[in-house]
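Take a look at the structure set out below.
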Amino acid sequence: MKLKNVIQLLCFAFVLMCIAPSCVKEGPIGYTGNAGENGKDGANGKDANATCLTCHAQANMAAKEAQYDMSDKGTRTARSGKYCARCHSTEGFQEIATMGTFVVTNEMLNGTKITCAACHKHSGFDFATDANSKILRTISPVYLNYENYNLTTNAFVATKSTDYGSINNLCANCHQIRSTTVATYTDPTPPKGTPVTTPVKYTAVPYFPVANVTGSITQNTLVKYRAGTNFGIHEGANQPDYLISRGGYEYAGKTYTRKTAHSADKCTDCHFNVYDATAKTGGHTMKTNLKDPKCVGCHDLTTKIPATLVTINSKLTELGELLSAKKIFKKTTNATTGAVSYSAQFSHDFYGTVLPTTASAPTTYALTLAGANLPSATTGLLVYNSLVTWAADTDFANRIGREWTYGELGAAFNYTYVNTVATAANKGIHNPIYALELLQSSIDYLK
Ligand code: HEC
Ligand code: HEC
Ligand code: HEC
Ligand code: HEC
Ligand code: HEC
Ligand code: HEC
């Protein structure tokens, strides 16, 4: 529309408004009051250019976008399953953060990869104090999955939160032990052939009270390591716990270092440090720029980290050897590469019967759980379920033939806690001091 037309239109609108009754300046006939005073002008608003453009300048947003496209999050696709979407998709994270739940309601088949809007949400425009808290979806203390599962009702309940400190809480919503991915099992072999709700303490080891020796459970209390259980930390995603020396199995009478050079840091101090365009690190790539002058001033990480990994790996081998000598772990050597690996050996079958140590013992045991997720006949929604598999135990020579002590379980757990990694670079590097203390105290206990 031309400017002249706009002005004409506005004039016409003004005339119309003044004929309307609401424009009468004084009260209608019979009323005597005069018109009130005009209100005062408000104070001038702040210049949006000054406030908003600190972040929203096109160049800044484009730079963030470009950096983020180099991160793992920016390059990987969503995982939309019911037990994955909360951490592996934008919509899943938005749902659990908004609802305060632990698992999304259903599959998120249209779930998109983690994007800006997973972490970012404006809660206010008063940026003067703590701008970051106004642009992040959450920085509240976190109700961890593995600490908020009621083993009696077999359901998540928010009872215990952990405060990792502002931004670190955002990260700890996803960077935490994954916890259960199934709640029921079916035994296809009669007479046990009906679906039964399984307490997840039998399917994921974080449900054992391994974190610390507390209450009635001591390191000499006995425990069955049943088939179907696992030690999974999930891809080494325990960085927030590491940073503050937490979550490993700690032995009575041993001391563990809580305060390190970096224990009070934000994840972003290292992972969002100075952007290096050549190395494609720093900033929103979320990959630590090891050559940031700020870091180099104190240490050369390009030589320090590999040296630390050598020390950690040799302690892991020492512990792995001890655990396999006790038949808690089984040692496997890859025939072609010669690579050595250790895996935990079940002491008991799924129902808690001790597994034999000789071939002469009874032949069939409920050995493993496998996924059998099927759509419900009534709702059509996927029901997560596991099948109990019966088999003959052929690994009897590697069986311990008794219950473990919690101390032994703790040693096996600590091995996994340090060894569980997405990339080798991640292994214990967030707190080598605590990692080595966990390994050494486990070794001392076993000896
Ligand atoms: C401290 C940095 C920061 C400041 C200051 C800031 N924003 Fe934002 N804003 C963000 C981030 C980060 C996002 C998420 C970006 C995205 O999802 O693409 C966002 C998203 C938005 C969105 C949603 C846009 C979209 O594409 O989803 C609007 C609207 C918005 N901001 C308006 C404003 C206004 C208006 C101001 C000033 C009063 C402001 N912002 C100041 C960081 C900031
Ligand atoms: C509590 C949050 C959480 C849940 C739930 C979760 N993950 Fe993850 N997952 C992560 C995090 C965080 C990482 C990155 C870990 C790292 O690099 O240290 C990751 C990494 C991975 C990786 C390796 C990196 C990659 O993206 O390829 C795979 C594979 C994976 N997850 C699969 C799954 C699957 C399958 C499920 C559902 C059954 C699932 N995850 C559920 C948090 C979670
Ligand atoms: C994994 C979470 C996460 C994702 C995903 C993410 N950000 Fe951020 N972003 C943060 C955090 C945390 C901060 C605070 C940074 C700090 O303190 O260094 C931040 C800060 C910002 C800021 C303000 C600081 C500045 O330097 O201007 C902007 C703008 C921004 N992000 C844009 C984006 C955009 C655009 C995307 C998507 C391309 C994105 N972010 C994706 C976590 C995230
Ligand atoms: C919504 C869940 C979620 C949140 C919130 C989250 N992460 Fe992640 N992060 C992941 C997943 C999942 C991966 C593995 C990559 C993938 O599969 O997308 C990952 C990967 C990473 C990686 C691997 C390196 C790379 O290139 O990306 C780093 C580092 C990382 N995250 C740091 C952080 C930090 C720091 C924060 C907090 C500011 C954070 N993450 C918040 C889920 C999350
Ligand atoms: C003191 C610095 C520092 C702090 C603080 C820190 N990290 Fe790291 N992080 C590193 C370094 C260094 C690596 C190894 C990266 C390398 O060698 O390139 C790493 C690795 C990782 C990885 C694996 C990266 C990959 O490529 O697979 C993830 C995921 C991660 N950190 C997440 C976090 C989270 C979440 C926090 C906050 C709880 C955090 N980090 C705090 C320095 C730090
Ligand atoms: C004020 C000094 C100082 C600064 C600055 C500093 N660090 Fe550190 N850092 C230390 C100290 C002290 C240790 C642990 C003691 C030691 O072994 O030197 C350490 C240990 C580490 C470790 C464990 C490495 C290993 O192999 O033992 C990582 C990773 C790390 N720092 C990353 C970073 C990153 C990334 C930055 C920059 C964002 C940074 N640091 C900045 C002092 C510093």
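The values are calculated or read from the model by the stated rules, or taken from the named source; none is laboratory data. Because the structure is a prediction, the values reported are computed rather than measured. Please note: Cβ atoms are built from the backbone with ideal geometry, for glycine as well, and neighbour counts cover all protein chains shown. Surface areas here come from the heavy atoms of the whole protein model, side chains and all, with no ligands, DNA or RNA. Shrake-Rupley method; radii C 1.70, N 1.55, O 1.52, S 1.80 Å.
Across region 310-447, the fraction of Cα-Cα pairs farther apart than 27 Å, rounded to a whole number, is 38%. For region 237-378, the Kirkwood hydrodynamic radius from C-alpha pairs, put into Stokes-Einstein at 4 °C and a viscosity of 1.567 mPa s, yields a diffusion coefficient of 63 µm² per second.
Peptides 59-67, 370-378, 100-108, 423-431 ordered by packing proxy, namely the average of other Cβ atoms within 10 Å per residue, highest first: 423-431, 100-108, 59-67, 370-378. Would you please name the chymotrypsin sites (Phe, Trp or Tyr not before Pro) within region 247-324 that are DSSP coil residues with at most 15 other C-beta atoms within 10 Å of their C-beta? Those satisfying the criteria are 256. Here the simple spin-label model places points 7 Å from the Cα toward Cβ, and for residue 335 and residue 423 these points are separated by 3.4 nm. Computed extension gain for residue 35 through residue 303, at 0.36 nm per residue and net of the alpha carbon distance, reaches 88.5 nm.
When each full DSSP H helix of the chain is screened for a Cα extent of at least 20 Å along its own axis and an average Kyte-Doolittle hydropathy of at least -0.5, the helices passing are 3-19, 301-325, 432-446. GNM on the chain, C-alpha springs below 10 Å: top fluctuator among 338, 111, 248? So, out of 338, 111, 248, the one fluctuating most is 338. The calculated 222 nm mean residue ellipticity attributable to helices in the chain amounts to -9000 deg cm²/dmol, summing -39500 (n - 2.57) over DSSP H runs of n ≥ 4 and dividing by all residues. Accessible surface area normalised per residue over region 67-151 is 52 Å², counting heavy atoms of protein chains with a 1.4 Å rolling probe. The accessible surface of the chain, taken with every protein chain in place and a 1.4 Å probe, is 60 percent carbon and sulfur. Within a straight-line Cα-Cα reach of under 18 Å, residue 121 can be paired with the following aspartates and glutamates, leaving aside sequence neighbours fewer than 8 residues apart in one chain: 65, 91, 95, 130. When the chain is treated as a Gaussian network with alpha carbon springs shorter than 10 Å, the biggest mean-square fluctuation among 118, 131, 261 belongs to 261.
Accessible surface computed residue by residue for region 228-358, with neighbouring protein chains in place and a 1.4 Å probe, gives 50 Å² per residue. Beta bridges from DSSP with both residues in the chain: antiparallel share about 85 percent, rounded to the nearest 5. Looking at the calculated P(r) for the chain, what percent of the C-alpha pair distances fall above 30 Å? In whole percent, the long-distance tail amounts to 57. Exceedance of the 26 Å cut-off in Cα-Cα distance is limited, within the set 291/315; 266/291; 113/291; 82/427, to 291/315; 113/291; 82/427. Full extension of the segment from residue 120 to residue 99, taken as 0.36 nm per residue of separation minus the current Cα-Cα distance, would add 5.9 nm.
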